[in-house]
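Colleague: Structure incoming, see below.
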Amino acid sequence: MYDIAIVGAGPAGLTAGIYAVRANKKVIVFEALTAGGQIINTSHIDNYPVAPHITGLEFGQTLEKQAKDLDVEIEYSEVTHIVKENNRFMIRTEDETYFSRAVIIASGTSPRKLGLENEDVFVGKGISYCATCDGAFYKGKTVAVNGGGNSALHEALYLSDIAAKVYLIHRRNEFRASDNLVDKVKAKDNIELVLESSIIELLGDGHLQGIKTDTGREIELDGLFVSIGRTPNTKNLIDGLELVEGDYAKANEDCHTNIPGVFVAGDVRSKELRQLVTATSDGAIAATEAVNYLKEVQ
C-alpha cells in the first residue's frame, strides 16, 4: 500500500513525488513513456528561473535523477484505470494492480490530430507531432508546420535552421502566439506564411508527398509537423472525475478535484497558463494537499 500514487512523470508529477517523499510518504509514480514529460521535446528553455538556456532533455533528465536520488519510485507502466474503494484507490496498469491512499493525476496531454484520412498511415512517414524529435530527418528538405500558437511557431523556427523551406499554415490571418515569436518567424527568409488556410487532404502513396488546403492550393512537402493543440489524458482514467471544456480535470489553484483524495497537477488541470513553471508549482501544491488529506483521513 502506497501513501500517494502519481500518474505521470513529467515536471508536475516528479515535483509532486519529490515533495511527497520529503514529507516522509511512500510514493510511486507511473509513467507510460519517458520520464520528463513533453518538456523533453523542447529544444531550449529560456523562461524557467535559475536555469537559462537549458534544453528540455537536460531538464527532464536532471529532474528524474533528483527524484530517484530521493527514493521516489518510478514504475514505467501505463495506468489503465483507477477505482476508489472506501478511502483507498486501486490503480490498474497493463500488468499489475497497486493500491494507494491518495492519487495525484499529472498525466499531461497528447498532441491533437488533424483528423484527416490517412493521417495515422503517414505518422512516421512524413507526419510528425514533434520537431525536436524528428526534425533532423528533414535536413535540406521542404516541410510545413500546421498551427498558430506559441508551440507551432517554435516548431517553425526550429525547423527553419534544418530544412531548406518551411511553410507555416494557419487557419486565421493572425497568430495566437506572442509578438516576439511572430516577429522572429517573419524575419526568417525560408519560412513562408500560408494564412487563412486549413489542410483538408494529405497527398501521397506510402509516404506523405504534399497537402491540399481549403483554398485549393496544393503544396509539395517532405514532411508535415502538426501543432494544433493538445488533448488532456483524462479519458476513462477514473470514474466520476469532473471535467470541463476540452476534457481538462476541473480544479482550482489548490489542485483538489471533486473526488476526495484525488488531486490534479500540470497541463491536465483546468487553468489559464500552462507553462513549465506552473507545472512544477502544481506538483508542489498537489503533493502538499495530498499529505494534508492523509492526515485528515487517518
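Colleague: On a 0 to 90° scale, report how tilted helix 11-22 is relative to the longest principal axis of the chain, with both axes built from alpha carbons and the result rounded to the nearest 10.
Modeller: Roughly 20 degrees between the two axes.
Colleague: Let me ask something else. How much area per residue is accessible in the chain when the probe is 1.4 Å and only protein heavy atoms are counted (Å²)?
Modeller: Here the per-residue accessible area is 50 Å².
Colleague: Is it possible to state the helix-based mean residue ellipticity at 222 nm for the chain, with each DSSP H run of 4+ residues giving -39500 (n - 2.57), the sum divided by total residues, to the nearest 500 deg cm²/dmol? What is it?
Modeller: Working: 7 runs with 75 residues, N = 298.
The per-residue figure over the chain is -7500 deg cm²/dmol.
Colleague: What's log10 of I(q)/I(0) for the chain at q = 0.08, 0.12, 0.14 Å⁻¹, Debye sum over Cα points only, no solvent?
Modeller: -0.39, -0.81, -1.01
Colleague: For Phe99, what charge total do you get from the other residues with a beta carbon under 9 Å from its beta carbon, if Lys and Arg give +1 and Asp and Glu give -1?
Modeller: Local net charge: +1.
Colleague: Using θ = phi - 60° and the Karplus form 6.51 cos²θ - 1.76 cosθ + 1.60, what ³J(HN,Hα) does each residue of region 235-247 get, whole Hz, x for Gly and Pro?
Modeller: Karplus values, whole Hz, x for Gly and Pro: 4, 6, 6, 8, 5, x, 5, 6, 10, 10, 3, x, 6.
Colleague: Within straight cross-link reach of Lys113, meaning Cα distance under 30 Å, which lysines are found once same-chain residues fewer than 8 apart are removed?
Modeller: Partners found: Lys125, Lys139, Lys141, Lys165, Lys184, Lys186, Lys188, Lys212, Lys235, Lys250, Lys271.
Colleague: Hey, another quick one. Mind checking which lysines have their C-alpha under 27 Å from Lys65, skipping anything on the same chain fewer than 8 residues away?
Modeller: Filter leaves Lys25, Lys26.
Colleague: Here is a further query. Considering amide H positions built from the backbone, and no H for Pro or chain starts, which residues 5 or more places from Ile54, or on another chain, come under 5 Å of its amide H?
Modeller: It is Ile45, by chain and number.
Colleague: So how strong a dipole does region 24-165 carry about its Cα centre when Lys and Arg Cβ are +1 and Asp and Glu Cβ are -1, to the nearest 20 debye?
Modeller: Charge dipole of region 24-165: 260 debye, to the nearest 20.
Colleague: Mind checking region 74-163 for chymotrypsin sites (Phe, Trp or Tyr not before Pro) that DSSP puts in a loop (not H, G, I, E or B) and that have at most 13 other Cβ atoms within 10 Å?
Modeller: Taking region 74-163 and a limit of 13 other Cβ atoms within 10 Å, the loop chymotrypsin sites (Phe, Trp or Tyr not before Pro) found are Tyr76.
Colleague: Can I ask one more? Quick one: ranking His53, His170, His207 by accessible area, 1.4 Å probe, largest first, what do you get?
Modeller: His53, His207, His170
Colleague: Probe radius 1.4 Å, ligands and nucleic acids ignored: give me the carbon and sulfur share of the accessible area of the chain as a rounded percent.
Modeller: 44 percent
Colleague: Helix 276-297 versus the longest principal axis of the chain: what angle, 0 to 90°, nearest 10, using Cα atoms?
Modeller: Helix 276-297 sits roughly 20 degrees off the main axis of the chain.
Colleague: Amide H to amide H, which residues 5 or more places from Ile104 or on other chains are under 5 Å from it, using H placed in the peptide plane?
Modeller: The list, which skips near neighbours in sequence, is Ala5, Ile6, Val7, Phe263.
Colleague: How charged is the neighbourhood of Lys141? Take every other residue with its Cβ under 9 Å from the Cβ of Lys141, and add Lys/Arg as +1 and Asp/Glu as -1.
Modeller: Computed value for this residue: +1.
Colleague: In whole angstrom, how long is each semi-axis of the equivalent ellipsoid of region 105-235, when you take the square root of 5 times every eigenvalue of its Cα gyration tensor and sort them from largest down?
Modeller: Those come to 20, 19, 15 Å.
Colleague: I'd like the Karplus ³J(HN,Hα) series for region 123-139: coefficients 6.51, -1.76, 1.60, θ = phi - 60°, whole numbers in Hz, and an x wherever there's a Gly or Pro.
Modeller: Whole-Hz 3J(HN,Hα) from phi for region 123-139: 5, x, 10, x, 10, 9, 10, 8, 5, 5, 6, 10, x, 4, 6, 10, 4.
Colleague: No other cysteine beta carbon under 4.7 Å away is the test; run it over the chain and list who passes.
Modeller: Unpaired cysteines in the chain: Cys255.
Colleague: For helix 150-160, report the angle its Cα long axis makes with the longest principal axis of the Cα atoms of the chain; keep it between 0 and 90° and round to the nearest 10°.
Modeller: Rounded to the nearest ten degrees, it is 50.
Colleague: If amide hydrogens are placed 1.01 Å from N in the peptide plane, which non-local residues have theirs closer than 5 Å to the one on Ala144?
Modeller: Tyr167, Gly223, Leu224, Phe225
Colleague: Which net charge results when you count Lys and Arg as +1 and Asp and Glu as -1 among the other residues whose beta-carbon is under 11 Å from that of Asn190?
Modeller: Once all neighbours under 11 Å are counted, the net charge is -1.
The values are calculated or read from the model by the stated rules, or taken from the named source; none is laboratory data. Quick caveat: nothing in here was measured; it's all calculated off a predicted structure. Note that each Cβ is placed from the backbone with ideal geometry, even for glycine, and that neighbours are counted across all protein chains shown. Accessible surface is based on the protein model in full, side chains and every heavy atom, while ligands, DNA and RNA are left aside. Shrake-Rupley method; radii C 1.70, N 1.55, O 1.52, S 1.80 Å.
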